[in-house]
1. Give the accessible area for D288 in Å² (nearest 10); use a 1.4 Å probe, count only protein heavy atoms, and leave out ligands, DNA and RNA.
2. Quick check of the Kirkwood formula: for the range 253-342, what is the inverse mean of 1/r over all pairs of different Cα atoms, in Å?
3. Amide H neighbours of Q201 under 5 Å, counting only residues 5+ apart in sequence or on other chains, H built in-plane at 1.01 Å?
4. Given the whole protein assembly as supplied and a 1.4 Å probe, what does the accessible area of L259 come to in Å², nearest 10?
5. Can you tell which of Q151, I188, A237 lies farthest toward the positive end of the dipole of the range 132-248, using +1 and -1 charges on the Cβ of basic and acidic side chains (Lys, Arg; Asp, Glu)?
6. With a 1.4 Å probe and all protein chains in place, put Y284, Y85 in order of accessible area, largest first.
7. Mind ranking H244, H218, H260 by accessible surface for me, highest first, 1.4 Å probe?
8. Order K348, K164 by their accessible area, 1.4 angstrom probe, all chains in place, largest first.
Amino acid sequence: MASISAMRGAMCMVRLASPRGLCAVQPTSVVAAAQATRTAPPASTARTSHHATAQRHRSASSATSPSLPPVLSMQQLQFWQDNGYLVLPSAIDADTCDGLRKAAAAVVDAFDLSQHPLSVFSTVEQKSDDYFMTSGDKVCCFLEEDAFDKQGNLTRPVSQCINKVGHALHAKVPEFVDFGSRSDLAAIARDIGFQQPVVPQSMYIFKQPGIGGEVVPHQDTSFLYTDPPSVVGFWTALEDCDTHNGCLWAIPGSHKTGLHNDRRMVRTGPGELTTTFTAEPRNYNQSDFVPLTVPKGTLVLLHGELVHSSEANRSNHSRHAYAFHVIEGAAAYCPLNWLQPTAGLGFKPMAAGA
């Protein structure tokens, strides 16, 4: 991804170490401002300071965080650097997985459809309504596009119509707060290069039987841009995931070529509740993808520039997963990202007991 330095003449960046820093100058054209970042080196180069070599970081982190011993082996770190993802089977025990599922079920049980704007989440025709844009500090339910008939009525019980819950589970629901405070997850973040890991968002994804929506190929940096780019997804399988119920697919090594087409989803202006994409998506060859078929309890790390996706779930089995994203707290966070810290909830530090 191009550096955002060229953009600073048009707008300032919010540095997470100083969350009260606000944009001093408004861009006259948000798309033009975002596109002005296309002149610098690719993200794989820009990220060097953040994701340099694991060996160098491991030495530094062991000196500053003696309570967080290394979790990943050098072989795992090499695979991560080469491929842009890392599969860690049995990272999360079954009881914890079941506890997260019960907590999500409780959220759904409390969901009042009569008070809901019928907000649908779809990556095929991605739209950003007010409910979505203001969900960063809340626990909100988003419906499956295929849960409705032609008359706009739900075709099944509400609990089987929810696409995902987001985007502040990690800060609002005790079971997810506790999960995000695990020392092993904080140690993994430091193993892969984070110095000040913070969590801007989280999602519980249901991938409902029969109607679980497709997630089109994308790179997470498009949605959570920092300078330098730093986002990493921590994705936990709460059920077995295979090619029938909508497992993840990824293009190994695709993180090495930066943000494709410099495509970003940005607000149409600071504080606006509408978004636009700065470029069209790239077309990918399906034969380049590999399926990440994983059992329950697997943790999958996803580099921000890794191209990944999941197919629709047309099977009779759900594919529950919990994902949160981590960014570098010392990096500059773009005020045009769809997700913004609020007065009520800043980005939560990722640390044991935080």
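1. Only protein atoms counted, so the area is about 80 Å².
2. Numbers: mean 1/r = 0.0612 Å⁻¹.
In the range 253-342 this quantity evaluates to 16.3 Å.
3. Answer set, sorted by chain and number: H325.
4. Accessible surface of L259 is approximately 10 Å².
5. Q151
6. Numbers: Y284 70, Y85 25 Å².
The ranking, largest first, comes out as Y284, Y85.
7. Working: H244 130, H218 40, H260 15 Å².
The most accessible residue leads, giving H244, H218, H260.
8. Details: K348 40, K164 10 Å².
Order by accessible area, largest first: K348, K164.
The values are calculated or read from the model by the stated rules, or taken from the named source; none is laboratory data. Not measured: the values here are computed from a predicted model. When we count neighbours, we look across all protein chains shown, and the Cβ atoms used for this are built from the backbone with ideal geometry, even at glycine. Just the protein is used for accessible areas: all its heavy atoms, side chains included, with ligands, DNA and RNA removed. Shrake-Rupley method; radii C 1.70, N 1.55, O 1.52, S 1.80 Å.
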